[in-house]
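The values are calculated or read from the model by the stated rules, or taken from the named source; none is laboratory data. The model shown is predicted, which means the values in this text are computed figures rather than measured ones. No Cβ is skipped: glycine too gets one built from the backbone with ideal geometry, and neighbour counts run over all protein chains shown. When the accessible area is computed, the model is the full protein with side chains, heavy atoms only, and any ligands, DNA or RNA have been set aside. Shrake-Rupley method; radii C 1.70, N 1.55, O 1.52, S 1.80 Å.
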Amino acid sequence: MKKNLTTEQLEMRAKTNKKILKFGCLPIFILCVFLIVVFNFTDDKKASSIKINTNIDSIVSVVKKSKDFEIKEVYYNKKDSSFNIAITNKDNVIKEHDYSILYFDNLFHLDKIEEIEGVYLYEYKNGKSFKNDDYNEYLTCESKNLANRIKKFEDTGFEYSIKSYLEKNVDDPTDLEITNKTVLGENANGTFSVRVSFRSKNAFGTLIMHTVTCDIDKEGNGKNIIFDN
């Protein structure tokens, strides 16, 4: 049977409950505040730990010491703001659209540095040097403005200069037709590497499909022209 409490007893219980609420919850409140402060401090510490160092010389020095790749040369080109890495390509570790550029971005935050327009990876060749402009064909790249530059190049109608060259060098230019054109990328010397497929008649009058790759400069001149078949 429930015992009825007097008014005095009810007041006493209320006071006791207040004390319990005040002093019992206070440690919990303090703990919560402490945890919030700690987490915020940890986040701030993490944020400060990934602060981007915009001293290019320091970045070059740090990237050179990367142990996951056999890096031979790292060079920042002030002319075009490109960050170039020559790497030993054992077992073809660098492939087109490979994870390798993502690796450098994640580790060194190269993609966040305003001074760096793009990151270019090259297969190291003994005796070659970036300072002497020896490298002109990268394995893979991640450029902030490359897409815009390729679009401008495509708008120049580069296929017409190739067609003009082909008309002078195929057996029968009468029915020569370009069926496909692709910009493979931009070379270090400012030319663009392209692949063009075309159809033309051979010496027997039969239409044959061919593919040609070459480098074209901004004036439309072709270099390093190679017929695949």
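Brief remarks follow.
- Residue within the stretch 132-141 that is in contact (Cβ under 8 Å) with a residue 40 or more places away in the chain, part of a loop (DSSP other than H, G, I, E, B) and either exposed (fewer than 13 other Cβ atoms within 10 Å of the Cβ) or touching a helix residue (DSSP H, G or I) at 6+ places or on another chain (Cβ under 7 Å) (or both) present: yes
- Residues of the stretch 153-190 that are open to solvent by less than 40 Å² (accessible area, probe 1.4 Å) and touching a helix residue (DSSP H, G or I) at 6+ places or on another chain (Cβ under 8 Å): Leu176, Val183, Gly185, Glu186.
- Residues that are assigned to a loop (DSSP other than H, G, I, E, B) and open to solvent by 90 Å² or more (accessible area, probe 1.4 Å) were ranked within the stretch 191-227; the one that is farthest from Thr174 (Cα to Cα) is Lys218.
- Residue match in the stretch 121-128 (condition: more than 30 Å from Leu176 (Cα to Cα), surrounded by 14 or more Cβ atoms within 10 Å (Cβ to Cβ) and among the aliphatic types (A, V, I, L, M)): yes
- Residue in the stretch 143-152 that is of a type in the set (D, E, K, R), assigned to a helix (DSSP H, G or I), within 30 Å of Val60 (Cα to Cα) and modelled with pLDDT of 85 or more present: no
- Screening Thr206, Thr179 for residues that are of a type in the set (Val, Ile, Thr), without any contact (Cβ under 8 Å) to a residue 12 or more places away in the chain and farther than 27 Å from Asn136 by Cα leaves exactly one candidate, Thr206.
- Members of the stretch 142-152 that are under 21 Å from Lys79 (Cβ atoms) and open to solvent by 50 Å² or more (accessible area, probe 1.4 Å): Glu142, Lys144, Asn145, Ala147, Asn148, Arg149, Lys152
- Counting only strands (runs of 3 or more DSSP E) that fall entirely inside the stretch 53-124 and contain at least 3 residues that are out of contact with any Cys (no Cβ under 7 Å at 6 or more places or on another chain) and either farther than 17 Å from Gly185 by Cβ or at pLDDT 90 or above (or both), the qualifying elements are 71-77, 82-87.
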